[in-house]
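Asks: I'd like to ask some things about the structure below.
The values are calculated or read from the model by the stated rules, or taken from the named source; none is laboratory data. Remember, predicted model here, so these are calculated numbers, not experimental data. Quick reminder, even Gly has a Cβ in these numbers, built from the backbone with ideal geometry, and neighbours come from all protein chains shown.
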Amino acid sequence: MEIYGAWIGSCQNPSAVEYVLCMDERWGFTKGDVTDIWGWSRMRLDKQDKVVWNEGRRCYVDGVNTAAQASTGIILIVNADDQYPCQNWDVELIKLVPQCTDFAISVSTGTPDEHKRGIMVAPILSRPYYEKKGHVFYPAYESMYADNDFYECAVEDKVLVDGRHLLFPHRHPLVDRTIAVDDQYLEMNRSEAYRVGEQIIQSRRESKFGKRVVRANKPIVMEAPSAASVEHSAPTRTVAVGLPGEHFSSAWVSMWTELYIHLIGGFNVQPLFCYSTNVYVTRYAIHNHFASQRPQPDFVLWIDDDNLLAPLQFDMLMADLDAHPGVDMVCGWCWIATDVIETEPKTSVGHLETIGMPRHISYTELMSGDEPLRQIDFTGFPVVLMRGSVLDKLGSNPFAPVFSPAYPQGFTGEDTAFCIRAKEAGLTILVDRRVKVPHLKLRSAEPKDLPDVAVTEVA
């Protein structure tokens with residue numbers, strides 16, 4: 001209510017303002033209690049104002065993008081519960097609007113060295129520019145570096161408008177030491193969010209924010225090449241990409257588009273989307289299609305419809321296989337839980353016990369030590385890169401369930417079945433702990449409180 005009142009009370013034309021409040025049940029709110037919690041019955045609730053619910057990841061980036069998707073205004077302003085406006089902010093911003101339709105306005109918030117550091121704490125952008133981007137914040141981020149990406153992308157697109165003379169105070173622990181650090185602040189600023197953000201923005205910078213493809217640190221500018229250069233630079237290795245799933249969100253499509261552009265710069269790419277109501281059938285259909293190819297692909301990449309893989313993360317997995325010729329598969333990891341019942345979050349990787357039951361590796365075990373690679377027996381298949389030779393080594397349907405009374409339902413899941421057969425065939429599987437990918441579940445799979453693990457990053 002305080003923030004709402006500050007923004008509505010500081011503008012000259014409140015009736016021209018659309019206020020979109022994004023809430024999340026995982027932040028402690030209940031859909032049935034919106035009026036009681038926020039006092040909307042006591043506030044100006046015009047027809048253009050709305051409450052929307054974040055059903056993506058439990059993070060700042062998905063909250064902002066969800067609110068933006070629900071908006072209809074011609075100028076979008078990213079607000080937060082500690083972001084205040086300048087006086088007459090609507091009139092002052094309109095003064096800065098250029099003749100062109102695509103623009104992003106950089107204002108001041110009082111954050112230390114914000115313009116020098118290239119961050120935009122309060123992004124402001126036109127609707128045409130938002131629609132061209134497809135998002136406010138690049139969807140792969142959780143929190144950290146999302147605003148750096150927004151700023152650098154605006155510079156790259158030559159749409160940045162200087163509004164630094166306008167102060168939109170950010171009442172934040174970094175600006176005011178008297179403000180307490182709460183759980184939400186610690187969640188968004190945890191070391192894992194920084195590591196993920198650094199990986200993503202490095203990849204984005206190398207690709208000029210999707211405008212060119214990068215392979216082995218050598219940019220390939222996407223322009224019409226000569227016939228001679230085509231023959232010389234034609235990719236020689238094939239990556240088949242299995243994309244099982246039914247619902248592909250806008251965040252997934254955005255990331256897949258960037259990854260696909262990245263891949264075609266260095267490989268022959270064969271993507272295959274597939275869905276059936278039976279997960280065993282879906283996996284089998286993709287496996288059988290690629291196994292019947294002649295010649296077979298050099299590599300098979302698996303990405304589910306609720307996981308995101310950034311181009312830099314793919315490069316890490318490929319570099320792992322190139323550096324370890326004896327390794328058959330390398331995977332990323334994510335936090336897993338179910339939407340149906342409350343279960344303790346687990347990492348998606350681990351070892352198979354004597355009866356073939358998966359024992360998930362703890363976060364502390366996964367993150368401890370100097371080397372980023374761990375040998376494992378089991379992966380839940382969020383993101384897996386395997387050599388094409390694996391297709392023949394495991395037979396016609398390695399995903400078929402393994403039946404045994406040792407399992408709760410009498411049979412294994414498809415990922416456990418595959419890993420049991422891989423272990424029996426003597427295949428070597430590694431997990432690269434640096435390749436942590438989002439898991440787009442209805443209920444956040446990631447635990448709120450992670451142990452403090454000292455991690456030595458290895459380039």
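Asks: Only residues that are under 30 Å from residue 336 (Cβ atoms) and of a type in the set (Phe, Trp, Tyr): list them for segment 57-112, please.
Replies: Matches in segment 57-112: 60 only.
Asks: Let me ask another. Condition first: modelled with pLDDT of 95 or more and surrounded by fewer than 19 Cβ atoms within 10 Å (Cβ to Cβ). Can you find one or more residues in segment 428-435 that meet it?
Replies: Checked against the condition, which is being modelled with pLDDT of 95 or more and surrounded by fewer than 19 Cβ atoms within 10 Å (Cβ to Cβ), segment 428-435 yields at least one hit.
Asks: Let me ask something else. Can you tell me which condition residue 156 does not meet? The list is (1) buried (at least 18 other Cβ atoms within 10 Å of the Cβ); (2) modelled with pLDDT of 85 or more; (3) more than 16 Å from the chain's Cα centre (by Cα), and all the others hold.
Replies: Single failed check for residue 156: (1).
Asks: Here is a follow-up. Out of all the residues in segment 265-321, which are of a type in the set (Val, Ile, Thr) and either part of a helix (DSSP H, G or I) or modelled with pLDDT of 90 or more (or both)?
Replies: Within segment 265-321, 269, 279, 281, 282, 286, 300, 303 qualify.
Asks: Let me ask you something else. When you check residue 357 against the structure, is it without any contact (Cβ under 8 Å) to a residue 60 or more places away in the chain, surrounded by fewer than 22 Cβ atoms within 10 Å (Cβ to Cβ) and assigned by TED's automatic domain parsing to the domain that holds residue 245, yes or no?
Replies: So residue 357 fits the description; yes.
Asks: If you don't mind, there's one more thing I want to ask. Filter segment 1-60 down to residues that are of a type in the set (A, V, I, L, M, F, W, C), in a helix (DSSP H, G or I) and at pLDDT 75 or above and give me whichever is surrounded by the most Cβ atoms within 10 Å (Cβ to Cβ). Step through it out loud before you land on a result.
Replies: Initially, segment 1-60 is screened for residues of a type in the set (A, V, I, L, M, F, W, C), giving 1, 3, 6-8, 11, 16-17, 20-23, 27, 29, 34, 37-38, 40, 43, 45, 51-53, 59.
Checking the rest, the ones that are also in a helix (DSSP H, G or I) come to 3, 6-8, 16, 27, 34, 37-38, 40.
Imposing the further condition that a residue be at pLDDT 75 or above reduces the set to 3, 6-8, 16, 27.
Details: 3: 17, 6: 16, 7: 19, 8: 16, 16: 13, 27: 11.
Within segment 1-60, the match that is surrounded by the most Cβ atoms within 10 Å (Cβ to Cβ) is 7.
Asks: Ok, one more. Only one of (1) closer than 30 Å to residue 15 by Cβ; (2) not in a strand (DSSP E or B) fails for residue 105. Which number is that?
Replies: Here residue 105 clears every test but (2).
Yes or no, residue by residue, for (1) among the aliphatic types (A, V, I, L, M); (2) within 30 Å of residue 141 (Cα to Cα):
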site	(1), (2)
366	yes, yes
376	yes, yes
383	yes, yes
397	no, no
410	no, no
416	no, yes
420	yes, no
425	yes, no
440	yes, yes
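Asks: Right, next: So, in segment 64-83, exactly how many residues are in contact with a Phe, Trp or Tyr (Cβ under 9 Å, 6 or more places away or on another chain), more than 20 Å from residue 188 (Cα to Cα) and not in a strand (DSSP E or B)?
Replies: 1
Asks: Out of segment 340-352, which residues are modelled with pLDDT of 85 or more and either touching a Gly at 6+ places or on another chain (Cβ under 6 Å) or among the charged types (D, E, K, R) (or both)?
Replies: Taking segment 340-352 and keeping what is modelled with pLDDT of 85 or more, we get 346-352.
The answer is 346, 348.
Asks: Okay, next question. Do any residues in segment 186-215 that are among the aliphatic types (A, V, I, L, M) have Cβ atoms under 7 Å from those of residues that are outside any helix (DSSP H, G or I) and modelled with pLDDT under 80, where the two are at least six apart or on different chains, and which pairs are they?
Replies: 213/207; 213/220; 213/222; 214/207
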